[in-house]
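Engineer: Attaching a single structure in structure tokens format; questions to follow.
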Amino acid sequence: MRPVRIPRLPRVAARTTTAAAVMAVIATLTACSGPAPSNAALAKIPAAKAPPATYYLALGDSLAQGVQPNASGVSVMTRDGYPDQVYAVLRASRPGLKLVKLGCPGETTTSMINGGICRYRDGSQLAEAVAFLQAHRGRVPLVTLDIGANDPEHCGGQPGLGQLAKCAVTDIPGAVDNLGTIMARLKAAAGPGVRIVGMNYYLPALAEWRSGLSGRVVAWTAEKLAATYNAMLGRVYAKSGARIANVFGAFETADFTRPAGTNVPRNVARLCQWTWECAAPPRGPNQHANQAGYQVIARTVLHASGMS
């Protein structure tokens, strides 16, 4: 039997059929998608809106400005302070957050209320903070405050026992009263829902421990006084409804125990590790925290805020 031959279609017909199929698909897609949008139509698509601005307000003394000594030993403001580090953490999940730092190096509770050290448009740091909170009410989720370290002026430098007594009798009670005034005004201006974190302090005078028996007596006495002072500050913060960042505890300021194999108490070692107080000249001795110390303070503040 002879094989049956299947006739081939003409090539032109094949190309015509393929072209017709392609045109049919294009027509179908065009019918489904509709006409291409014009430039005018594209212009009407709204752009993504920027998140609304909110503010983290940092108040206080030199720690609120991240002050550290430079290579010449001059205390200068830096971007390593605890507010900068707190802000970096919070902004990761709050893209509209902005940092406003009003801290003043050398500020006391008295000067924060009355002015006189740093220049502010409203006359004092407290007045400036109150004005800011009132102008941005509902948009300030966090306020931090460190104030009071500069008030006990007779505790600074290389204090003796007589100076510490004067500090306890005169300087500390006045600072505590002033802090009550500061907190009352901040709370009234901020309104409900604003988290205020007040911090207590580490103790630079612990470095005196290294200067022999008399220095150890001063360090031990200063620690007892600092513990009392920080407890008084804490009561003011708690009474006003603020949260407390326990920097005194984070630096283990009260722990004079000596870890095995060391001759330096734990609290003195931490102070030397996290501040410039034990550093060699010209940078030291300087009571300000170094970058690592500011990081410890920032972690303590974030923990107290409950926002991290």
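The values are calculated or read from the model by the stated rules, or taken from the named source; none is laboratory data. These numbers come from a predicted model, not from an experiment. Note that each Cβ is placed from the backbone with ideal geometry, even for glycine, and that neighbours are counted across all protein chains shown. The area values use the complete protein model at the heavy-atom level, side chains included, leaving out ligands, DNA and RNA. Shrake-Rupley method; radii C 1.70, N 1.55, O 1.52, S 1.80 Å.
Engineer: Which of the residues belonging to the range 238-297 are closer than 30 Å to Val194 by Cα and of a type in the set (Asp, Glu)?
Structural biologist: Of everything in the range 238-297, just one residue is closer than 30 Å to Val194 by Cα and of a type in the set (Asp, Glu), namely Glu252.
Engineer: Still on this model: Which ones in the range 95-105 are surrounded by fewer than 17 Cβ atoms within 10 Å (Cβ to Cβ) and basic (Lys, Arg)?
Structural biologist: Lys98
Engineer: Another one. Quick one: count up the residues across the range 130-140 that are in a loop (DSSP other than H, G, I, E, B) and either free of Cβ contacts under 8 Å to residues at least 60 places away in the same chain or open to solvent by 40 Å² or more (accessible area, probe 1.4 Å) (or both).
Structural biologist: Final tally of qualifying residues: 3.
Engineer: Can you name the helices (runs of 4 or more DSSP H) wholly within the range 143-253 that have at least 1 residues being at pLDDT 95 or above and either within 16 Å of Leu59 (Cβ to Cβ) or open to solvent by less than 20 Å² (accessible area, probe 1.4 Å) (or both)?
Structural biologist: Result: 172-190, 213-239, 247-250.
Engineer: Among the residues of the range 106-129, count how many are part of a loop (DSSP other than H, G, I, E, B), touching a residue at least 40 places away in the same chain (Cβ under 8 Å) and either surrounded by 19 or more Cβ atoms within 10 Å (Cβ to Cβ) or among the basic types (Lys, Arg) (or both).
Structural biologist: Qualifying residue count, the range 106-129: 2.
Engineer: Can you tell me how many residues in the range 280-308 are assigned to a loop (DSSP other than H, G, I, E, B) and either without any contact (Cβ under 8 Å) to a residue 24 or more places away in the chain or at positive phi (or both)?
Structural biologist: Here the count works out to 2.
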